[in-house]
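The values are calculated or read from the model by the stated rules, or taken from the named source; none is laboratory data. Worth saying up front: this structure is predicted, and the values here are computed from it rather than measured. Here the Cβ positions follow ideal geometry from the backbone for every residue, glycine too, while neighbour counts run over all protein chains shown.
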Amino acid sequence: MSLSILLVDDSEAIQRLMGKLLKDAGHKVTLTMDGREGAAAALKHHRAGKSFHIIFMDMDMPRMNGHAATRKLRERGYTGIIVALTSLNMPADRRKCLEVGCNDYAAKPISKPKLMAIIDFYERQQKTSEPDQPEANPN
């Protein structure tokens, strides 16, 4: 199944690498450079009834970071899957991401197998549950 994925990251290198991996796997990828652009794109698609299947959200960006963008999305009723991407890999960092509304957390740099495992997990979940009722990844 081809998923619609939003990648929000201020690093052009991350965008190129992850974008290529996702596109090579057959997914449609939209790229934005910061939380403000990412939240706007997600809300626009959501209002049009075409929510992204997964948002990969960098947590450390200029203008609006991923924590603020995720909080804004949740406050505006966005119920889709948001996976935090961060180079910070401590339990407190993970907890903070989940507390603002992320469904999952992945440390950067993310490997291709880990990226595909996250996508596979949520793709299976979306096939078996209502899209408005995401559950957190048990891993």
For region 1-15: of the residues being in a loop (DSSP other than H, G, I, E, B) and closer than 11 Å to residue 31 by Cα, which is nearest to the chain's Cα centre (by Cα)?
9
For residue 4, the lone unmet condition from (1) within 22 Å of residue 123 (Cβ to Cβ); (2) surrounded by 18 or more Cβ atoms within 10 Å (Cβ to Cβ); (3) in contact (Cβ under 8 Å) with a residue 40 or more places away in the chain is (2)
Of everything in region 76-124, what is in a strand (DSSP E or B) and among the hydroxyl-bearing types (Ser, Thr, Tyr)? Give them in sequence order.
86, 105
Given the criterion at negative phi, within 15 Å of the chain's Cα centre (by Cα) and in a loop (DSSP other than H, G, I, E, B), identify the matching residue among 61, 18.
61
Region 59-90 - residue that is of a type in the set (Ser, Thr, Tyr) and more than 15 Å from residue 32 (Cβ to Cβ) and, of those, surrounded by the fewest Cβ atoms within 10 Å (Cβ to Cβ)
87
Going by the conditions given, is residue 63 of a type in the set (Lys, Arg) and either closer than 24 Å to residue 127 by Cα or in contact with a Lys or Arg (Cβ under 7 Å, 6 or more places away or on another chain) (or both)?
yes
Taking region 34-58 on its own, how many of its residues are assigned to a loop (DSSP other than H, G, I, E, B) and either surrounded by fewer than 18 Cβ atoms within 10 Å (Cβ to Cβ) or of a type outside the set (A, V, I, L, M, F, W, C) (or both)?
6
In the list 107, 69, 92, which residue meets the criterion of being among the aliphatic types (A, V, I, L, M) and modelled with pLDDT of 95 or more?
69
